[in-house]
Each structure stands twice: as C-alpha cells, then as structure tokens.
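The values are calculated or read from the model by the stated rules, or taken from the named source; none is laboratory data. What you see is a predicted model, and the numbers here were worked out from it, not measured in a lab. When we count neighbours, we look across all protein chains shown, and the Cβ atoms used for this are built from the backbone with ideal geometry, even at glycine. What goes into the accessible areas is simple: the full protein's heavy atoms, side chains included, and nothing from ligands, DNA or RNA. Shrake-Rupley method; radii C 1.70, N 1.55, O 1.52, S 1.80 Å.
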Amino acid sequence: MSAGNQAFGHREIMDIKAAANYLGVSRSHLSHILAGKVPGVPAIPHVRAGRRALIRRAVIDRWMLEQEQGAAPSSITQ
C-alpha cells in the first residue's frame, strides 16, 4: 500500500466512495442509505458539500454500533 493510500485509509472524513469501501457496500447502496431509501435502515448522518456527501468515520462506527445493538434484541424475539 502506498503512502497516499495509507493516508486516505485513515481519513476522519470520507466521501461516498471511501465510506462505501469502508462499509463493504456499493456506492449506489450507500447513496440510498444516506437518502433514507432503504427500508428498515436508518440514514447515516452526513453533510452535503454541494453534490458530495461527507461522512465522519466516527459517525459510521457509531451508526454501526447502534444498528448492531438495535438488531440483537429483535432477532432473539423473532
């Protein structure tokens, strides 16, 4: 991995491409999540800078934890 890629991989603020890669989903799917268009999945908080969506890595991590904690009790009761 080059130094440029390492710096990019540790950025605090990511664009859709980097955030999608971080989450392991397509850019299109992440765009739908950000827009609140995926049923049963709350939108990830982000900021729009023109047409670009900017997402903090810490926000994604917190969002993931909230989804994991929210999913655990319901999966047990079903």
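Can you compute the FRET efficiency between Arg57 and Ser28 using 1/(1 + (r/R0)^6), with r the Cβ-Cβ distance and R0 = 22 Å? Round to the nearest 0.05. Given R0 = 22 Å and the Cβ-Cβ separation, E is 0.60.
Counting only protein heavy atoms and using a 1.4 Å probe, the accessible area of Arg11 comes to about 120 Å². The listed peptides 38-45, 18-25, ordered by packing as a protection proxy, come out as 18-25, 38-45 (highest mean of other Cβ atoms within 10 Å first). Using θ = phi - 60° in the Karplus curve 6.51 cos²θ - 1.76 cosθ + 1.60, the 3J(HN,Hα) couplings for the stretch 20-31 round to 5, 4, 4, 7, x, 10, 6, 4, 4, 5, 4, 4 Hz; x is entered for Gly and Pro.
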